[in-house]
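K.L.:
Below are the structure tokens for one structure; questions will follow.
The values are calculated or read from the model by the stated rules, or taken from the named source; none is laboratory data. All of these numbers come straight from a predicted model, not from anything done at the bench. Neighbour counts are summed over all protein chains in view; Cβ atoms, including those assigned to glycine, are modelled from backbone coordinates with ideal geometry.
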Amino acid sequence: MSVVDRHFILGYGSLMNGESRAKTGETGDVWPVKLHGFERHWSVMSVEYGMSSVAVVQTPEKACNGVLVEVPHDQFPLFDERERGYRRARIKPEQLTPYHKKTLPQGTYWVYHTHNVVEPHDECPIALSYLDVILSGCLEHGDAFAQDFLALTKGWSSPLLNDRQTPRYPRAQPELSTERLNTLLAPVTTLSIKELSVTYES
């Protein structure tokens, strides 16, 4: 395959989670990176599921972390459908810094972004079922990467809902072990560890 035929999506939310990506379409190798020139926020992207999502907006001098994922071009309609409400735009190779000093692959890079941030509210809060999937994906690349996700995301003072027993997120992963996730979340949430640790009914 020639360089011009290789395409990559920069995932900065649930697309960082390998199992979650596989629910949408075929993907290839992954490179953890920092994306410069964009800032990640919690935002109401759709009221369909009664929850907020993460989104990035172009912001000079800001950055967020994510993963560069190789995606066959014929799979793009599947990912475009998953990311309804976002705009897909090309990003330049110089906007990416790899975490592990590996050379990034050549090809065309894309990111799903928005122009406007709509603050989460009680009807569309941050849902733990979604956040668990994101953080689990971050941990695929280590604790420091997960900590960077927390530090490089705006909007943690927004309403947050523990929906682990009755997930609002359609691609929830209820089998995830939440002990490590609860520890990561404690500094950024208003929920107590007890509230975070509600267990699933068998």
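K.L.:
Looking only at residues in the stretch 1-26 that are more than 15 Å from the chain's Cα centre (by Cα) and of a type in the set (Gly, Ala, Ser), which one is modelled with the highest pLDDT?
P.N.:
Restricting to residues being more than 15 Å from the chain's Cα centre (by Cα) and of a type in the set (Gly, Ala, Ser), the top hit is GLY25.
K.L.:
It is to be established whether one or more residues within the stretch 177-196 are within 14 Å of the chain's Cα centre (by Cα) and touching a residue at least 40 places away in the same chain (Cβ under 8 Å).
P.N.:
No, every residue in the stretch 177-196 fails to be within 14 Å of the chain's Cα centre (by Cα) and touching a residue at least 40 places away in the same chain (Cβ under 8 Å).
K.L.:
To continue, here is another question. Regarding SER46, is this residue of a type in the set (Ser, Thr, Tyr) and within 14 Å of the chain's Cα centre (by Cα)? Break it down into steps so the answer makes sense when it comes.
P.N.:
Details: of a type in the set (Ser, Thr, Tyr): yes; within 14 Å of the chain's Cα centre (by Cα): no.
So SER46 fails the test.
K.L.:
Now for a different question. Working carefully through the options ARG168, ARG164, find the one that is in contact with a Gly (Cβ under 6 Å, 6 or more places away or on another chain) and either touching a residue at least 60 places away in the same chain (Cβ under 8 Å) or part of a loop (DSSP other than H, G, I, E, B) (or both).
P.N.:
Of the residues listed, the single one that is in contact with a Gly (Cβ under 6 Å, 6 or more places away or on another chain) and either touching a residue at least 60 places away in the same chain (Cβ under 8 Å) or part of a loop (DSSP other than H, G, I, E, B) (or both) is ARG168.
K.L.:
If you check TYR130 against the conditions, is it in contact with a Ser or Thr (Cβ under 8 Å, 6 or more places away or on another chain), among the aromatic types (Phe, Trp, Tyr) and in a loop (DSSP other than H, G, I, E, B)?
P.N.:
no
K.L.:
Against the definition (farther than 26 Å from ILE9 by Cβ, over 17 Å from the mean Cα position of the chain (by Cα), modelled with pLDDT of 95 or more and of a type in the set (Ser, Thr, Tyr)), how does THR166 come out, yes or no?
P.N.:
yes
K.L.:
Shifting gears a bit: Working only within the stretch 59-113, note down all residues that are among the polar types (S, T, N, Q) and more than 13 Å from GLY37 (Cα to Cα).
P.N.:
GLN75, THR103, GLN106, THR108
K.L.:
Looking at the stretch 52-89 only, could you name the residues that are of a type in the set (D, E, K, R) and more than 18 Å from the chain's Cα centre (by Cα)?
P.N.:
Matches in the stretch 52-89: GLU61, ASP74.
K.L.:
To continue, here is another question. In the stretch 56-72, how many residues are touching a Ser or Thr at 6+ places or on another chain (Cβ under 9 Å) and touching a residue at least 60 places away in the same chain (Cβ under 8 Å)?
P.N.:
Within the stretch 56-72, residues that are touching a Ser or Thr at 6+ places or on another chain (Cβ under 9 Å) and touching a residue at least 60 places away in the same chain (Cβ under 8 Å) number 7.
K.L.:
Something else: So, TRP31, is that one crowded, with 22+ Cβ neighbours inside 10 Å, outside any helix (DSSP H, G or I), in contact (Cβ under 8 Å) with a residue 60 or more places away in the chain and in contact with a strand residue (DSSP E or B) (Cβ under 7 Å, 6 or more places away or on another chain) or not?
P.N.:
In short, no.
K.L.:
For residues that are part of a loop (DSSP other than H, G, I, E, B) and buried (at least 19 other Cβ atoms within 10 Å of the Cβ), tally how many sit in the stretch 171-187.
P.N.:
2
K.L.:
Name the pairs whose Cβ atoms lie under 9 Å apart, with the first residue in the stretch 134-154 and closer than 24 Å to GLU175 by Cβ, the second surrounded by fewer than 19 Cβ atoms within 10 Å (Cβ to Cβ) and polar (S, T, N, Q), and 6 or more positions between them or separate chains?
P.N.:
SER136/GLN173; SER136/SER177; CYS138/GLN147
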